[in-house]
1. Name the most mobile residue of 72, 119, 50, meaning the one with the largest mean-square fluctuation, in a Gaussian network model of the chain with Cα contacts below 10 Å.
2. Which whole number of Å³ per residue matches the convex hull of the alpha-carbon atoms in the range 35-108?
3. With an 8 Å Cα cut-off and a minimum separation of 6 or more residues, compute the relative contact order for the range 10-189 in percent.
4. Provide the packing ranking of 143-151, 87-95, i.e. peptides ordered by the mean count of other C-beta atoms within 10 Å per residue, highest first.
5. Please arrange 96, 20, 132 by counting, for each residue, the other beta carbons lying within 10 Å of its beta carbon, fewest first.
6. Could you check which residue among 27, 177, 127 shows the biggest mean-square fluctuation in a GNM of the chain with a 10 Å Cα cutoff?
7. If you average 1/r over all unlike Cα pairs in the range 123-198 and invert the result, what Kirkwood radius do you get in angstrom?
8. How big is the chain by Rg and Dmax over its Cα atoms, in Å?
């Protein structure tokens with residue numbers, strides 16, 4: 001037996017694209033709103049992940065929205081929009097689940113194993129999206145997915161150095177645990193092979 005899926009209409013495609021854009025740009029806009037608030041109330045930035053402290057547990061939920069200046073939030077905004085668009089055009093649910101896993105599991109990894117510091121920024125989420133794109137081809141073993149992963153490797157592969165302790169003042173732990181969460185998401189969310197018809 002075999003089944004066929006009805007191709008979406010152009011109107012449905014446009015509606016999907018608008019929804020994707022609203023989510024991605026809405027999330028990035030929220031980062032900028034929080035950044036403006038932190039200029040007015042600098043104490044806001046103190047709510048990052050403080051490893052192995054009780055109050056630092058709150059940072060697991062808040063740290064992706066906090067940044068240390070315009071350059072920081074700008075670079076993360078670009079990464080979220082580029083990598084987010086690449087994922088959402090494959091499968092919408094993969095974007096949402098990978099972002100959530102990267103934020104929460106990445107934050108938990110920082111809290112458990114990070115240096116004693118205030119870890120903030122959406123870089124872990126960016127690295128999570130990057131990790132998903134980097135490895136989805138390996139887990140799905142489909143030509144399109146493999147080509148996507150190879151494209152990401154050759155275009156942004158140098159980002160992997162950001163998950164190593166190479167720069168002072170950078171939460172490489174956030175990058176590393178976000179990346180690992182993204183790889184885990186790619187493995188768990190990988191599309192199963194299509195059933196053969198008889």
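What follows is calculated from the coordinates using simple rules that are stated; it is not laboratory data. No experiment lies behind these values; they were computed from the predicted model shown. Glycine also receives a Cβ, built like all others from the backbone with ideal geometry; neighbour counts cover every protein chain displayed.
1. 72
2. On the way: hull volume 6.3 nm³, N = 74.
Taking only Cα atoms, the range 35-108 has a hull volume of 85 Å³ per residue.
3. Values: 294 pairs, mean separation 43.3, N = 180.
24 percent.
4. On the way: 143-151: 14.6, 87-95: 17.8.
Highest mean packing first, the order is 87-95, 143-151.
5. 96, 20, 132
6. Residue with maximal mean-square fluctuation among 27, 177, 127: 27.
7. Working: mean 1/r = 0.0771 Å⁻¹.
Across the range 123-198, the inverse of the average 1/r is 13.0 Å.
8. Cα only, the chain: 18.1, 65 Å (Rg, Dmax).
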